[in-house]
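Following: one structure in structure tokens, then a few remarks.
The values are calculated or read from the model by the stated rules, or taken from the named source; none is laboratory data. None of the values given here were measured: they were computed from a predicted structure. Don't worry about glycine lacking a Cβ; one is built from the backbone with ideal geometry, like all the others, and counts go over all protein chains shown. Surface areas here come from the heavy atoms of the whole protein model, side chains and all, with no ligands, DNA or RNA. Shrake-Rupley method; radii C 1.70, N 1.55, O 1.52, S 1.80 Å.
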Amino acid sequence: MLVCYSVLACESLWDLPCTIMGSPLGHFTWDKYLKETCSVPAPVHCFKQSYTPPSNEFKISMKLEAQDPRNTTSTCIATVVGLTGARLRLRLDGSDNKNDFWRLVDSAEIQPIGNCEKNGGMLQPPLGFRLNASSWPMFLLKTLNGAEMAPIRIFHKEPPSPSHNFFKMGMKLEAVDRKNPHFICPATIGEVRGSEVLVTFDGWRGAFDYWCRFDSRDIFPVGWCSLTGDNLQPPGTKVCIYLNKNGSPGPHLDKKKVQLLPDHFGPARASVVLQQAVQACIDCAYHQKTVFSFLKQGHGGEVISAVFDREQHTLNLPAVNSITYVLRFLEKLCHNLRSDNLFGNQPFPQAPSPLTAPGYGHSHDRYLPGESFVLGNSLTRSLEPHSDSMDSTLNPTNLVSSSQNLRTHGYRPLVPSCGLPLGTASAVRRLCSGGSDRYLESRDASRLSGRDPSSWTVEDVMQFVREADPQLGPHADLFRKHEIDGKALLLLRSDMMMKYMGLKLGPALKLSFHIDRLKQGKF
């Protein structure tokens, strides 16, 4: 006989979250989800976590000592660059922002400044220290001079490990997504093997699953995020936005480009779906600057980008946690674009269109779930933004540009393609556009001129790369190696070229610039 338990006997304060878990507006609640999935939460004694979650009194820019996650025998100086719930986003001084990592405030791997020396050790440069090793003592002196040291009182003692592995297959929990460690998501124990457990993420097909020890600090009891104020992502299967290709796109969006989009965005996290839908509006605009004029810098969400005025512009969308909020945001944006009824939470009847290239829209990597980009130092305290948050990020009279991002207080937006601070916008512009105009002037002589880029062959793409800038010529063979034809070319972003094709930052930025010009019909 199958017995469905909605609530497992919990301990201490975890009795409360088991019954009222979720966002303030009830879009994802643990008690309802546990009943729907006929599941039970893992008891709190299974975890190496405090019964009462520790308070987080750290501040951005505070200094502390931390183990180098890539070389755990070294203790380094780290700076707090982000805060969320009971966790810290840390950056090792002398390293770059590509190696940031997260630690709980009660982790034994973080200590106050002076702890290493007190115990007879010496602070070490991080793995990949950007300067000469001989300059480390002077670098350390300058780094600590006048810096704000995290006070001893805000550090917490690490909780003890459970006596053994109490987990059982099928138990529910909350877990850090190790591929996107700024996210904590609903998860299930998929398998138990000795001292290890397999963490599987609800609504995802295994790409994010991982094995860890039963006393890992990356796994939490049901209700942890609710108590700490961290942002619990909903299960992957809960989010999907549909596109109405038969509706009127309005005066600002190109109907032909809209027809080439996928029929839906997701399933993915709400924040990712919002980014995909807004980015699609930008990509389909006659003038990308127009769509940007209706957007305003958000806080804690995904990054969208556009190219206009010969520069790449980026901004952050607001943090979202429900499909309802995504739809409201898109409804306001489409109203400003005069393309009402473009998105919905149910499939629209799709009429066959000769404009739709078979297999093109649905393979559009730009709109598939993947790595996401968030603000490194945003503090999210609410699982559901209030309505005024959305109003402040949709402004028909406000044009956000890179220079405005520099003046925005309280956060540092990341350029999604390369992670460069926006203070380098002018340098990036010179890097992207320098020396290219004279080659663009001779484009009429190219056999590619006037042809639809989506019809280009791999050889055509290689020619485009060579003609766009002779300095990119040596990289043309990479496009043959990866079988990049015209359709694939239009989907490429600089971060993809760096990650999957092995290109360095400079060439990737240049190619991204030329691809964006190509999509605007300027090649």
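Which residues, taken from region 38-47, are touching a residue at least 60 places away in the same chain (Cβ under 8 Å), open to solvent by 30 Å² or more (accessible area, probe 1.4 Å) and out of contact with any strand residue (DSSP E or B) (no Cβ under 8 Å at 6 or more places or on another chain)?
Once the filter is applied, which keeps residues that are touching a residue at least 60 places away in the same chain (Cβ under 8 Å), open to solvent by 30 Å² or more (accessible area, probe 1.4 Å) and out of contact with any strand residue (DSSP E or B) (no Cβ under 8 Å at 6 or more places or on another chain), region 38-47 yields only H45.
With (1) open to solvent by 20 Å² or more (accessible area, probe 1.4 Å); (2) closer than 25 Å to V40 by Cα; (3) not small (G, A, S) as the list, and L140 as the residue in question, which single condition is left unmet?
L140 satisfies every listed condition except (2).
In region 197-239, what residues are assigned to a loop (DSSP other than H, G, I, E, B) and either over 23 Å from D31 (Cα atoms) or open to solvent by 30 Å² or more (accessible area, probe 1.4 Å) (or both)?
G203, W204, R205, G206, A207, F208, D209, F214, D215, S216, R217, D218
Pull up region 155-191, narrow it to residues that are out of contact with any Phe, Trp or Tyr (no Cβ under 6 Å at 6 or more places or on another chain) and of a type in the set (A, V, I, L, M), then point me to the one that is surrounded by the most Cβ atoms within 10 Å (Cβ to Cβ).
Among those that are out of contact with any Phe, Trp or Tyr (no Cβ under 6 Å at 6 or more places or on another chain) and of a type in the set (A, V, I, L, M), it is A175.
If you go through region 67-80 one residue at a time, do you hit one that is within 22 Å of the chain's Cα centre (by Cα), among the β-branched types (V, I, T) and not in a strand (DSSP E or B)?
No - not one qualifying residue is present in region 67-80.
Do the conditions hold for A270, that is, is it in contact with a Pro (Cβ under 7 Å, 6 or more places away or on another chain) and either touching a residue at least 24 places away in the same chain (Cβ under 8 Å) or open to solvent by 10 Å² or more (accessible area, probe 1.4 Å) (or both)?
The answer is yes for A270.
Among the residues of region 244-253, is any at pLDDT 90 or above and touching a strand residue (DSSP E or B) at 6+ places or on another chain (Cβ under 9 Å)?
yes
Working only within region 82-111, note down all residues that are closer than 20 Å to P159 by Cβ and assigned to a loop (DSSP other than H, G, I, E, B).
If the condition is that a residue be closer than 20 Å to P159 by Cβ and assigned to a loop (DSSP other than H, G, I, E, B), then G85, A86, V105, D106, S107, A108, E109 are the ones that fit.
Could you grab me the full set of residues in region 56-90 that are open to solvent by 20 Å² or more (accessible area, probe 1.4 Å), in contact (Cβ under 8 Å) with a residue 60 or more places away in the chain and either in contact with a helix residue (DSSP H, G or I) (Cβ under 6 Å, 6 or more places away or on another chain) or farther than 23 Å from K179 by Cα (or both)?
N56, E57, K59, I60, S61, K63
In contact (Cβ under 8 Å) with a residue 60 or more places away in the chain, more than 17 Å from L253 (Cα to Cα) and among the aliphatic types (A, V, I, L, M) - does that describe any residue in region 280-298?
no
When region 293-343 is examined, which residues are found to be polar (S, T, N, Q), under 20 Å from K519 (Cβ atoms) and open to solvent by less than 40 Å² (accessible area, probe 1.4 Å)?
S293, S305, T314, S339
For region 94-114, state whether one or more residues are over 24 Å from P160 (Cβ atoms), open to solvent by 20 Å² or more (accessible area, probe 1.4 Å) and either touching a helix residue (DSSP H, G or I) at 6+ places or on another chain (Cβ under 6 Å) or among the hydroxyl-bearing types (S, T, Y) (or both).
There is no residue in region 94-114 that is over 24 Å from P160 (Cβ atoms), open to solvent by 20 Å² or more (accessible area, probe 1.4 Å) and either touching a helix residue (DSSP H, G or I) at 6+ places or on another chain (Cβ under 6 Å) or among the hydroxyl-bearing types (S, T, Y) (or both).
Would you be able to tell me the number of residues in region 277-314 that are more than 24 Å from G344 (Cβ to Cβ) and out of contact with any strand residue (DSSP E or B) (no Cβ under 8 Å at 6 or more places or on another chain)?
Within region 277-314, residues that are more than 24 Å from G344 (Cβ to Cβ) and out of contact with any strand residue (DSSP E or B) (no Cβ under 8 Å at 6 or more places or on another chain) number 5.
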